[in-house]
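**Student:** A single structure is presented below for examination.
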Amino acid sequence: MIRMIARAIPGALVALLAISPAAGAATRDYADTALNIIPSGQWGGFPLNPKADLQAKMYDGLTPLFGKVKPNDLTKYFKSERFGGKGTVEKVPRKGVRIVRDSYNVPHITGKKRDDVIWGAGWVAAEDRQLLIDQARFDARIAAIDAPGLDAFTLVQQLRQFVPSAQTEAVVARQTNVLKKAGAKGRSLLHDIDVYAAGMNAQYKAAGHPADPPFGRTDVYAVNALAGQLFGRGGGDEVRRSMFLDGLQKRLGSGRGLSVFNDLRNYEDPASPVTIDKAFAGESKMPSGVGAGNAVIDDGSFQRTPAAKLSKSAAPPDQRRSASNFLVVGAKRSSTGHPLFVAGPQIGYFYPGLTMEMDLHGGGIDARGATAPGLNPGAILIGRGADFAWSLTSAGSDVIDQYAETLCGASDHKYMYEGKCRNMHFFNAGVIKGSGGAPDQPVTFWTTVHGPVIGYATSKGVRVAISSKRSSYGKDVLWELPFVDASNGRIDSPQTFIKSFAQSPFTFNSVYADDKHISMISTGLFPKRPKSVNPGLITKGNGKFEWQGFLPHKDYPRETDPKDGILVNWNNRPAKDWPAADDEWGYGSLYRMQMLRNGLVSRRKHTLATVVSAMNRAATQDFRDLAVVPDIAAVLKGSTAPSPRDQKMLDLMLAWRRAGSSRLDRNNDGKVDDPGAAIVDAAWPGLADAVMQPVIGPQLDALASLSPRNPAARGDFQGGWLSYMDKDLRTLAGQKVAGTYRNRFCGGGNKAACQQALWGAIHAAGDTLQAAQGPDPSAWRADANAEKISFAPGLLPFKMRYTNRPTGIQQVISFGGHRP
């Protein structure tokens, strides 16, 4: 590790020739305002550059402004994202390439030809993220081959090194043929990848340690797969959900158990907050119970068969990362008459950063924004063109299914498919290098026609193998096509934006704005399942219930210039009637995007500062207090608290809500300012159990493993329990509720019993807090230091105050004109 860090120091690799302006951009910049911030910064080496935490400190300064961001704050806490820049010229061994580093170390790359720009992008990626590349390059193959029980990014974080086998390399290399079959765009992208890799190899050679083996196409394919595993997948957790259903039915009876399961599933909740009000059904109506194409998995029977046995497990991606947001205001809601764009991905905080910035111009390329090392060959992942901007949020739609394979031949490695007993295939993927004297760990697994075997279970007492099928498998690199279009100016309208981003095989919500229009599309390679298959449960793998093609692009959720003039998304359901994936049980009556939307609908006309205010306000609000505590108070109305202290606790939670429910520590004393935060933190687990226990009973922990019980600050306020509590309590309080649950949870539907349980949870939390902090609830405080944000894995010492905002890049943009 020390040798790797030493090699990553870029200082000796850069020749600072003179202070000089960058070459002029190849096209006009139509932005009225173009700002951004990447908290992890551009520097990525070690020892740290003194300015390595510069952007992190700027972004941290925005946090205490809450919902009162002024216009002059934008240029104080964000930096320019305009085309071109002034700074120092970096020497490179290729004529026609010019790289100028500005005061934030952002590279402004210009080239006489398109290949020059792409080569320069590869050079910069290797120079600025060598530390990350060296660690992640081969680990990314784990995502490309879907090795069971392993998460590629977890391997990176744990500093484990995967050495791929020839079999793995051959499988990943098949994506070359995928690009060749993709027509002229695919063949052009292959060329770009080769040029980009040449730039990376040139930088490694100049640094005195040539890459071994040299960078090539499979590196780009694998890194795209890693990004997809992190943020671009949904579904694929049917076996655990099926076992939960089996447990409910065994305990409550077949009909009642299924009814409870469907309540919790939130498959098509009519109360679910959406970005697009228009209806997009996705799939035809599915059975609400166990379809003819579904198998029932016996509760507790599933046993994983991970591809490698590690002393410190790389956790399987049962709960994929899902966090990013956008707030886009249309022209009619803007004070300038032009759309306002505030958006960015939430990918965590790391140093070296997972994203980096580039400004690319030449040979038809004109774009600036965030990219990732090895990911985008001469293209921008999230950013802006001359007259438009784009961003992404994870959509998590259902693109992965699990299958129950019937075993045969008295073997765990033979299975029935289309009436024949077939052999599974053995995949020898490579080894994970041992650490601390531990031996290397082989990575091996079995596969069926559907995909890797992830484990074994029983169905009605009969042993079955469980396999997993991903729609984007072997097609990861196709995700690059929209970003190449965007960076090369092929997108110039909502129509061309939608057409381009529909090419993505990964499931993302993509958003666009130019000087007149705003637009959004939710993408992915969506399987069309037989009507006899409930997509929330595991599918029989006998060959009779296979996918029947894929949803056509015209049926993807999309919207341009909505009537209300705003597009808001924080990983919520993209459109009305769009089905939730089997692993997404949070699409109920509450979703955190409502905090963003509330900030926009509160005023008719907006400026960029007011849109940033809405984003920044929601970033520290506690959604539990904001949305569910009023429901608790409504049910408790008219009842008597166990003690005056307990009543004061409820009053303080409600007072915190009236003040905005913010978890801010404005005076930096290490404590959250409002006592309501401490009370909600302590009381919430008990309150959640009080509502759900009467029906869920001994399966409370099982439910919590499927949907977070306590969606606190560290959990980014996601999870179905918020909606379970909200809808059940509002129903009990006599309020109008859309899509009322068929079952009554708190108190079994008895209001007095529910009140007693809720007060009991508050009282127990009060006893705990009083023992730790004294008898006065108004003096209780939550630990703000425990919520501070660190940059993993610890190379950058600076810590930010808690905030729930975009991290990979945050853009603040508006355009005043457009290309002819």
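The values are calculated or read from the model by the stated rules, or taken from the named source; none is laboratory data. Remember, predicted model here, so these are calculated numbers, not experimental data. Here the Cβ is made from the backbone with ideal geometry for all residues, glycine too, and neighbour counts use every protein chain on show. For accessibility, only protein heavy atoms count, side chains too; no ligands or nucleic acids. Shrake-Rupley method; radii C 1.70, N 1.55, O 1.52, S 1.80 Å.
**Student:** Is it true that some residue in the stretch 530-539 is over 26 Å from ASP298 (Cα atoms) and modelled with pLDDT of 95 or more? Walk me through it before giving the result.
**Tutor:** Taking the stretch 530-539 as the starting set, the residues that turn out to be over 26 Å from ASP298 (Cα atoms) are none.
No, the stretch 530-539 contains no residue that is over 26 Å from ASP298 (Cα atoms) and modelled with pLDDT of 95 or more.
**Student:** Restricting to the stretch 209-233, give me the number of residues that are out of contact with any helix residue (DSSP H, G or I) (no Cβ under 8 Å at 6 or more places or on another chain) and either surrounded by fewer than 24 Cβ atoms within 10 Å (Cβ to Cβ) or assigned to a helix (DSSP H, G or I) (or both). Lay out the reasoning, then the answer.
**Tutor:** Step one: filter the stretch 209-233 for residues out of contact with any helix residue (DSSP H, G or I) (no Cβ under 8 Å at 6 or more places or on another chain), giving 212-213, 231, 233.
Imposing the further condition that a residue be either surrounded by fewer than 24 Cβ atoms within 10 Å (Cβ to Cβ) or assigned to a helix (DSSP H, G or I) (or both) reduces the set to 212-213, 231.
Residues meeting the conditions: 3.
**Student:** Need at least 1 residues that are surrounded by 19 or more Cβ atoms within 10 Å (Cβ to Cβ), in contact with a helix residue (DSSP H, G or I) (Cβ under 9 Å, 6 or more places away or on another chain) and aliphatic (A, V, I, L, M) per element, so show me which strands (runs of 3 or more DSSP E) inside the stretch 416-460 make the cut, counting only ones lying wholly within it.
**Tutor:** Numbers: elements: 420-423, 425-432, 441-447, 453-459.
Hits in the stretch 416-460: 425-432, 441-447, 453-459.
**Student:** Under 7 Å by Cβ, and 6 or more places apart or on different chains, what pairs join a residue from the stretch 506-518 that is within 12 Å of ARG384 (Cα to Cα) with one that is open to solvent by 10 Å² or more (accessible area, probe 1.4 Å)?
**Tutor:** Partner pairs satisfying both residue conditions: ASP514/HIS818.
**Student:** Can you say whether GLY364 is surrounded by fewer than 24 Cβ atoms within 10 Å (Cβ to Cβ), in contact with a helix residue (DSSP H, G or I) (Cβ under 7 Å, 6 or more places away or on another chain) and under 30 Å from GLY120 (Cα atoms), as far as the supplied structure shows? Walk me through how you get there before you give the answer.
**Tutor:** Details: surrounded by fewer than 24 Cβ atoms within 10 Å (Cβ to Cβ): yes; in contact with a helix residue (DSSP H, G or I) (Cβ under 7 Å, 6 or more places away or on another chain): yes; under 30 Å from GLY120 (Cα atoms): yes.
When the stated conditions are applied, GLY364 passes them.
**Student:** Tell me, please, whether a residue that is within 16 Å of ASN616 (Cα to Cα) and modelled with pLDDT under 95 can be found in the stretch 311-322. Explain how you work it out, then say what you get.
**Tutor:** Just the residues of the stretch 311-322 that are within 16 Å of ASN616 (Cα to Cα), to begin with: none.
Taking every residue of the stretch 311-322 in turn, none turns out to be within 16 Å of ASN616 (Cα to Cα) and modelled with pLDDT under 95.
**Student:** Continuing with this model, one more query. Does ARG240 satisfy the criteria of being open to solvent by 10 Å² or more (accessible area, probe 1.4 Å) and within 22 Å of the chain's Cα centre (by Cα)? Explain how you work it out, then say what you get.
**Tutor:** Working: open to solvent by 10 Å² or more (accessible area, probe 1.4 Å): yes; within 22 Å of the chain's Cα centre (by Cα): yes.
So ARG240 passes the test.
**Student:** Restricting attention to the stretch 773-803, and to residues there that are buried (at least 18 other Cβ atoms within 10 Å of the Cβ) and in a helix (DSSP H, G or I), which single residue is modelled with the lowest pLDDT?
**Tutor:** GLU787
**Student:** Tell me which residues, restricted to the stretch 324-353, are among the small types (Gly, Ala, Ser) and open to solvent by less than 10 Å² (accessible area, probe 1.4 Å). Please lay out each step first, then the result.
**Tutor:** The first filter runs over the stretch 324-353 and keeps only residues among the small types (Gly, Ala, Ser), leaving 324, 330-331, 334-335, 337, 343-344, 348, 353.
Those that are among the small types (Gly, Ala, Ser) and open to solvent by less than 10 Å² (accessible area, probe 1.4 Å): SER324, GLY330, SER334, ALA343, GLY344, GLY353.
**Student:** Further question on the same structure: So which residues in the stretch 48-70 are assigned to a loop (DSSP other than H, G, I, E, B) and open to solvent by 60 Å² or more (accessible area, probe 1.4 Å)?
**Tutor:** Taking the stretch 48-70 first, the residues assigned to a loop (DSSP other than H, G, I, E, B) are 48-53, 66-70.
PRO50, LYS51, LYS68, LYS70, listed by residue number.
**Student:** Could I ask something else about it? Does SER723 qualify as being under 26 Å from PHE244 (Cα atoms) and surrounded by fewer than 15 Cβ atoms within 10 Å (Cβ to Cβ)? Step through it out loud before you land on a result.
**Tutor:** Values: under 26 Å from PHE244 (Cα atoms): yes; surrounded by fewer than 15 Cβ atoms within 10 Å (Cβ to Cβ): no.
So SER723 does not fit the description; no.
**Student:** Tally up the residues in the stretch 608-662 that are open to solvent by 30 Å² or more (accessible area, probe 1.4 Å) and free of Cβ contacts under 8 Å to residues at least 24 places away in the same chain, please.
**Tutor:** So the answer is 8.
**Student:** Which pairs have Cβ atoms under 9 Å, sit 6 or more apart or on different chains, and link a residue in the stretch 53-65 that is without any contact (Cβ under 8 Å) to a residue 24 or more places away in the chain to one that is open to solvent by less than 20 Å² (accessible area, probe 1.4 Å)?
**Tutor:** MET58/ILE37; MET58/PRO39; MET58/PHE78; MET58/LYS79
**Student:** Determine which single condition ARG603 fails, assuming it passes every other condition in (1) touching a Ser or Thr at 6+ places or on another chain (Cβ under 7 Å); (2) farther than 30 Å from ARG801 by Cα.
**Tutor:** Unmet condition: (2).
**Student:** Exactly one of (1) buried (at least 19 other Cβ atoms within 10 Å of the Cβ); (2) of a type in the set (A, V, I, L, M); (3) over 25 Å from the mean Cα position of the chain (by Cα); (4) part of a loop (DSSP other than H, G, I, E, B) is unmet by VAL737. Its number?
**Tutor:** Among (1) buried (at least 19 other Cβ atoms within 10 Å of the Cβ); (2) of a type in the set (A, V, I, L, M); (3) over 25 Å from the mean Cα position of the chain (by Cα); (4) part of a loop (DSSP other than H, G, I, E, B), VAL737 violates only (1).
**Student:** Within the stretch 239-261, can one find any residue that is touching a residue at least 60 places away in the same chain (Cβ under 8 Å) and in contact with a Ser or Thr (Cβ under 6 Å, 6 or more places away or on another chain)?
**Tutor:** Checking the stretch 239-261: not a single residue is touching a residue at least 60 places away in the same chain (Cβ under 8 Å) and in contact with a Ser or Thr (Cβ under 6 Å, 6 or more places away or on another chain).
Condition check ((1) free of Cβ contacts under 8 Å to residues at least 60 places away in the same chain; (2) under 20 Å from ALA136 (Cα atoms); (3) in a loop (DSSP other than H, G, I, E, B)) across all residues:
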position	(1), (2), (3)
VAL328	no, no, no
HIS338	no, no, yes
PHE341	no, no, no
ASP359	no, no, no
ALA367	no, no, no
ASN376	no, yes, yes
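Here's the yes/no breakdown for (1) charged (D, E, K, R); (2) closer than 25 Å to SER397 by Cα:
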site	(1), (2)
ALA166	no, no
ALA170	no, no
GLN175	no, yes
ALA184	no, no
ASP192	yes, no
TYR204	no, no
HIS209	no, no
PHE215	no, no
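**Student:** Here's a follow-up. Looking only at residues in the stretch 81-104 that are open to solvent by less than 60 Å² (accessible area, probe 1.4 Å) and of a type in the set (Ser, Thr, Tyr), which one is nearest to TRP123 (Cα to Cα)?
**Tutor:** Per the criteria, the residue is THR88.
**Student:** Moving on. What is the residue count in the stretch 427-463 for residues that are more than 32 Å from the chain's Cα centre (by Cα) and either closer than 23 Å to ASP246 by Cα or at pLDDT 95 or above (or both)?
**Tutor:** Initially, the stretch 427-463 is screened for residues more than 32 Å from the chain's Cα centre (by Cα), giving 436-439, 458-463.
Within this subset, residues satisfying the condition of being either closer than 23 Å to ASP246 by Cα or at pLDDT 95 or above (or both) are 458-463.
Selection size over the stretch 427-463: 6.
**Student:** Now a separate question. Which of the strands (runs of 3 or more DSSP E) contained wholly in the stretch 462-541 include at least 1 residues that are of a type in the set (Gly, Ala, Ser), under 29 Å from TYR417 (Cβ atoms) and open to solvent by less than 20 Å² (accessible area, probe 1.4 Å)? Explain how you work it out, then say what you get.
**Tutor:** Working: elements: 462-470, 508-513, 518-522.
Because the criterion is at least 1 residues that are of a type in the set (Gly, Ala, Ser), under 29 Å from TYR417 (Cβ atoms) and open to solvent by less than 20 Å² (accessible area, probe 1.4 Å), the strands (runs of 3 or more DSSP E) in the stretch 462-541 that meet it are 462-470.
**Student:** Of all helices (runs of 4 or more DSSP H) completely enclosed by the stretch 550-647, which ones contain at least 3 residues that are farther than 28 Å from THR336 by Cα? Talk me through it step by step, then tell me what you get.
**Tutor:** On the way: elements: 593-601, 608-618, 629-636.
Counting at least 3 such residues, we get 629-636.
**Student:** I would also like to ask the following. So, in the stretch 257-268, of the ones that are assigned to a loop (DSSP other than H, G, I, E, B) and open to solvent by 20 Å² or more (accessible area, probe 1.4 Å), which residue ends up nearest to GLY719 (Cα to Cα)? Let's see the steps before the verdict.
**Tutor:** Taking the stretch 257-268 and keeping what is assigned to a loop (DSSP other than H, G, I, E, B), we get 266-268.
This time we only want the ones that are open to solvent by 20 Å² or more (accessible area, probe 1.4 Å), so: 267-268.
Details: TYR267: 14, GLU268: 15 Å.
Taking the candidates together, the pick is TYR267.
**Student:** Give the stretch 686-718 a look and list any residue that's under 25 Å from GLY348 (Cα atoms) and either in contact (Cβ under 8 Å) with a residue 40 or more places away in the chain or crowded, with 24+ Cβ neighbours inside 10 Å (or both), or say none.
**Tutor:** Start the filter on the stretch 686-718 by keeping residues that are under 25 Å from GLY348 (Cα atoms), which leaves 704-718.
Correct list: SER705, LEU706, SER707, PRO711, ALA712, ALA713, ARG714, ASP716, PHE717, GLN718.
**Student:** Are any residues in the stretch 509-526 over 21 Å from the mean Cα position of the chain (by Cα) and not hydrophobic (A, V, I, L, M, F, W, C), and if so, which ones? Walk me through how you get there before you give the answer.
**Tutor:** Here is the first cut: in the stretch 509-526, the ones over 21 Å from the mean Cα position of the chain (by Cα) are 513-518.
Selection gives ASP514, ASP515, LYS516, HIS517.
**Student:** Taking the stated definitions as given, is GLY293 within 30 Å of LYS531 (Cα to Cα) and either within 21 Å of the chain's Cα centre (by Cα) or at pLDDT below 95 (or both)? Before you say what the answer is, go through the steps one by one.
**Tutor:** On the way: within 30 Å of LYS531 (Cα to Cα): yes; either within 21 Å of the chain's Cα centre (by Cα) or at pLDDT below 95 (or both): no.
No.
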